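The values are calculated or read from the model by the stated rules, or taken from the named source; none is laboratory data. Source: prediction; values computed, not measured. Using ideal geometry, Cβ is built from the backbone for each residue, glycine included, and neighbour counts are taken over all protein chains shown. All accessible areas refer to the heavy atoms of the entire protein, side chains included, with ligands and DNA or RNA removed. Shrake-Rupley method; radii C 1.70, N 1.55, O 1.52, S 1.80 Å.
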Amino acid sequence: MMWCFVAQPNSVVLEVKVDSQANGQICLDKVCEQLGIIEVDYFGLQYEGAKGEHLWLNTRNSICRQLQGRPPYRLQMRVKFYVQPHLLLQDTTRYQFFLNIKHDFAAGVYKTRSTDETAQLIALMVQAEHGDFSKQTALKLIYKSFCPEDTPDDVIQMVFKEHEQLAGMTAPKAVYQVLSVVSAFQDYGIVRHLAKDYRNMDYNIDVGPEGISLYNAEGAFTESITYPTVHMVTNSGKCVYLTIMSDQGETKKMWFLLVSKKAANGLYRCVTEMHSFYRCDTVRNAVSSQYSRDIKGTIISIFNENTTLGKNYVFDIRRTCREVHDYARRVLYSNGAEANKQESSDTASDGECGDGDECDCVTDENKVEAIKARLEKYEDSMLCRVCMAEEINTAFIPCGHLICCVTCSSHVEHCPICRSDIENIQQIYMPMSWR
């Protein structure tokens, strides 16, 4: 068995224990199970390559064969395929989309069209995370944590006014409003890859739902390539080759050099999987069944063609956008039917008196006791794991674990959970709605 530490965009780390030869899908499924997410196909696991490149873990292949070093492995849970907010069926899924957007917006990935739109978007984010405007939330430090570094102070003042006008808006509604605003941006759902062309000129290759956009090193737009015009995509070594078919039937070949073989493979996978997810009715077998074998598997396959030994799949996409939505809708409907069936069964068994009449008092008492037990358990989980007296109000950096109060955390040099070194201690402010 081995441990995987999966970080969310809000720096909360989920600990997942899997088999030493488990593939990435098992790890991703366990993370989504902890978060209560059924729409798993929108998400993926990222890791950092040897040259600092951000790479997607191929969830169909073994984890230990893709990552260097020994476990525990550190991964990031990120949204891999962005869709319009009305297609998301679960509040938990929308919140994960929100966390990714919040993280990317602060990093300068998304560009707003005006300062008014910037102020409105930041105010909605603060409303979703901290609730209504108050003296406690009216701190520049809180607002600046949602802003890119170059945000001027006058925009922060505009955010104050926008936030005051959002009084009474619930967190789920604010999250949905954030997704609605950002989904209209041109950069929504775009994955950027850094590369060089045949003239050794730097290029930014943006791969998105509609196709591929090319930008030079200064950020100026140079060319747009829609998916129907892409005749072929291949990769070899650090290079990715594109064959484009024009409306007149003429072919144009382009190639790009990336920083590593894994980065080139990542761009190749990104183009193919994006096209399949957003543009196709179903994921073709020609895509989902592509694989290579190691030496041992190749030798065994000579005697048994159907063996799975040594298989390394090229792509990990399982469903298209429409198939993900339909699958999640069926699962949620099935789960709802099972819940209703179980609830009616419990009522029939626990809520009947001896004379055959229903007795609401027994059912209500059981519910009250169950709620009390859950509340006591939750309150206990919010206490410092060291002194068991004060509330948890600090987080260890960089591991992100939340287990101590301010007093106890000052006496700890290593995280009691993962034993990693503590570089800094960040005080946190828990919402008051749990009390």
Would you confirm, using the coordinates I've provided, whether Glu250 is charged (D, E, K, R) and either closer than 25 Å to Glu48 by Cβ or under 29 Å from the mean Cα position of the chain (by Cα) (or both)?
no
Which of the residues belonging to segment 231-251 are assigned to a strand (DSSP E or B) and not polar (S, T, N, Q)?
His231, Met232, Val233, Cys239, Val240, Tyr241, Leu242, Ile244, Met245
Residue under question is Pro85, and the condition is that it be over 16 Å from the mean Cα position of the chain (by Cα) and touching a residue at least 12 places away in the same chain (Cβ under 8 Å); does it hold?
no
Quick check: anything in segment 223-243 within 25 Å of Phe315 (Cβ to Cβ), in contact (Cβ under 8 Å) with a residue 12 or more places away in the chain, open to solvent by 60 Å² or more (accessible area, probe 1.4 Å) and aromatic (Phe, Trp, Tyr)?
yes
Within segment 252-302, work out how many residues are under 12 Å from Phe315 (Cα atoms), modelled with pLDDT under 85 and not in a helix (DSSP H, G or I).
5
Residue check, Tyr198 open to solvent by 70 Å² or more (accessible area, probe 1.4 Å) and farther than 21 Å from Asn10 by Cα:
yes
Inspect segment 144-157 for any residue being among the hydroxyl-bearing types (Ser, Thr, Tyr) and at pLDDT below 90 and give the result as yes or no.
yes
Taking only segment 261-294 into account, find how many residues are closer than 22 Å to Gly189 by Cβ, open to solvent by 60 Å² or more (accessible area, probe 1.4 Å) and not charged (D, E, K, R).
1
Candidate set: segment 80-100, residues that are farther than 20 Å from Phe146 by Cβ and assigned to a helix (DSSP H, G or I); chosen: the one least open to solvent (accessible area, probe 1.4 Å)
Thr93
The number of residues in segment 47-59 that are closer than 18 Å to Trp3 by Cα and surrounded by 17 or more Cβ atoms within 10 Å (Cβ to Cβ) is 4
Spot the failing condition for Val109; the list is (1) surrounded by fewer than 18 Cβ atoms within 10 Å (Cβ to Cβ); (2) farther than 19 Å from Tyr188 by Cα, and only one is missed.
(2)
How many residues of segment 68-79 are open to solvent by 20 Å² or more (accessible area, probe 1.4 Å), modelled with pLDDT of 90 or more and either part of a loop (DSSP other than H, G, I, E, B) or aliphatic (A, V, I, L, M) (or both)? The answer is 1
Go through (1) at pLDDT below 65; (2) open to solvent by 70 Å² or more (accessible area, probe 1.4 Å) and name the single condition Ala339 misses.
(2)
Could you run through segment 46-62 and say how many residues are of a type outside the set (S, T, N, Q) and part of a loop (DSSP other than H, G, I, E, B)?
7
Subset of segment 403-430 (residues that are open to solvent by less than 40 Å² (accessible area, probe 1.4 Å), β-branched (Val, Ile, Thr) and more than 24 Å from Trp3 (Cα to Cα))
Ile428
In segment 123-143, which residues are open to solvent by 40 Å² or more (accessible area, probe 1.4 Å), at pLDDT 75 or above and part of a helix (DSSP H, G or I)?
Glu129, His130
Within segment 23-34, can one find any residue that is crowded, with 21+ Cβ neighbours inside 10 Å and either small (Gly, Ala, Ser) or in contact (Cβ under 8 Å) with a residue 60 or more places away in the chain (or both)?
yes
Give the residue that is nearest to Ala264 (Cα to Cα), with candidates limited to residues of segment 178-212 that are out of contact with any Pro (no Cβ under 9 Å at 6 or more places or on another chain) and polar (S, T, N, Q).
Asn204
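So that you can scan it fast, the table gives a plain yes or no per residue for (1) touching a His at 6+ places or on another chain (Cβ under 7 Å); (2) surrounded by fewer than 19 Cβ atoms within 10 Å (Cβ to Cβ); (3) not in a helix (DSSP H, G or I):
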residue: Leu14; (1), (2), (3): no, yes, yes
residue: Lys17; (1), (2), (3): no, yes, yes
residue: Asp41; (1), (2), (3): no, no, no
residue: Gly44; (1), (2), (3): no, no, yes
residue: Cys64; (1), (2), (3): no, yes, no
